[in-house]
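Student: Take a look at the following structure, please.
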């Protein structure tokens, strides 16, 4: 589009000798062409920036998805560790103090009863 405009303006510069309407001086034509070139450069630069930003957005979306999957895996791991703790935790009858004091009571009771025999 800009190249078409540039060609159109250049054609006006070469055919301006029998000027019927608005005539541009050589300096005005150069200013217009320089402005067109600057605008073309800006458009190209903004397109590159847009492509870069779109790629960054896609990267962030993918990273967010991976983070969510990682969070879900950590939740599953936490649930499994809680189940493992329940399986490994000793029951009330596996308490070593209970067995120790029970043994002392049974042994002392046996010794006491053996001492009562005449």
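This table checks each residue for (1) surrounded by fewer than 10 Cβ atoms within 10 Å (Cβ to Cβ); (2) within 21 Å of the chain's Cα centre (by Cα); (3) assigned to a helix (DSSP H, G or I).
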| residue | (1), (2), (3) |
| --- | --- |
| 62 | no, yes, yes |
| 65 | no, yes, yes |
| 72 | no, yes, yes |
| 87 | yes, no, yes |
| 93 | yes, no, yes |
| 97 | yes, no, yes |
| 102 | no, no, yes |
| 107 | no, no, yes |
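Student: Scan the range 73-95 and tell me whether some residue there is in contact with a helix residue (DSSP H, G or I) (Cβ under 8 Å, 6 or more places away or on another chain) and modelled with pLDDT under 90. It would help to see each step written out before you state the result.
Tutor: Initially, the range 73-95 is screened for residues in contact with a helix residue (DSSP H, G or I) (Cβ under 8 Å, 6 or more places away or on another chain), giving 92.
From what's left, modelled with pLDDT under 90: 92.
Yes; the residues of the range 73-95 include at least one that is in contact with a helix residue (DSSP H, G or I) (Cβ under 8 Å, 6 or more places away or on another chain) and modelled with pLDDT under 90.
The values are calculated or read from the model by the stated rules, or taken from the named source; none is laboratory data. Because the structure is predicted, anything quoted here is derived from the model rather than measured. A quick note on method: Cβ atoms are made from the backbone with ideal geometry, for glycine too, and the neighbour counts reach across all protein chains shown.
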